[in-house]
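For reference, the structure is listed below as structure tokens.
Read the figures in this text as sums done on the coordinates, not as results from a lab. Everything numeric here is computed off the predicted structure, so don't read it as measured data. Neighbour counts are summed over all protein chains in view; Cβ atoms, including those assigned to glycine, are modelled from backbone coordinates with ideal geometry.
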Amino acid sequence: MDRQDWDARYRAAEPVWGLEPNRWVVRECAGLPPGRALDLAAGEGRNAIWLAERGWQVTAVDFSAVALERGRTLAAARPPGTADRLTWVTADVLTHTPDPAGYDLVLVAYLQVPAADRRAALRAAAGALAPGGTLLVVGHHSANPAEGVGGPQDPRVLFTPEDVLADLDGLGLAVDRAERALRAVAAPDGHGAAGTAIDALARLHRPLGG
Ligand SMILES: C[S@@+](CC[C@H](N)C(=O)[O-])C[C@H]1O[C@@H](n2cnc3c(N)ncnc32)[C@H](O)[C@@H]1O
């Protein structure tokens, strides 16, 4: 999907991903001390806003201006100070160069692009990590169409945790975890569970002095 496709998808419904932060972002980031965060492919900002509410200074980047505008609106309705801690940047993460070593947390959640583009985006994301900083990558696992539920069915935009580690090989990052993460998905009518979605999750950090 290109920028126009994403803009159209965001225009067609609101909010597309819900207001709650992604559960893996909550699990992995709740214990981190607030600092500077970069959310790449931030969409409507559910994760960026959650981080900002916890005191993080967040730069949210996405190429959909429609999504970011919605994020701005949502942030304005949150507790005082939240919106002031957010910077919304309309840019393509494949060409955007974030501040080198500028962030204590870099988040890439559900960026759905082909493997070569994913590798380029993740290597740029790693370059934005300050010493001690954490990189969290979450997406739909390659096994999800066959064994899970929901998510994109195009295998070219799916990946495994091992793919992420290979993408980042040689950059000096330490691996905290790389796993299949199972997410219960509710039935569309809100009753019961429709099944279990399979996500790929990789969390790494740049060692101090690295
Ligand atoms: C599935 S949504 C995930 C949004 C958000 N990370 C979340 O978890 O709610 C994927 C997002 O990636 C964005 N995106 C896809 N390719 C992009 C690119 N090359 N540059 C910037 N944003 C991109 C889309 O506009 C969309 O907002």
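Observations, loosely collected:
- The stretch 138-156 and the stretch 54-70 have Cα centres lying 25 Å from one another.
- Dividing the helix sum by the residues of the chain, where each DSSP H run of 4 or more adds -39500 (n - 2.57), gives a mean residue ellipticity at 222 nm of -8000 deg cm²/dmol.
- Fraction in percent of alpha-carbon pairs per bin - 5 Å, the stretch 15-83: 3, 19, 30, 29, 15, 3, 0
- In the stretch 112-169, Cα pairs under 8 Å separated by at least six residues give a relative contact order of 47 percent.
- The stretch 3-205: relative contact order as a whole-number percent, Cα under 8 Å and 6+ apart: 16
- The stretch 3-205 shape via C-alpha gyration tensor axes, a/c threshold 1.5: rounded
- Relative contact order (percent, whole number), the stretch 98-142, Cα cutoff 8 Å, 6+ residue spacing: 57
- Ranked packing of 164-173, 74-83, most packed first, by mean Cβ within 10 Å: 164-173, 74-83
- Most positive-pole-ward Cα, Val185, Pro79, Gly150, against dipole of the chain from beta carbon charges: Pro79
- Dimensions in Å of the stretch 108-210 - Rg and Dmax from alpha carbons: 14.9, 51
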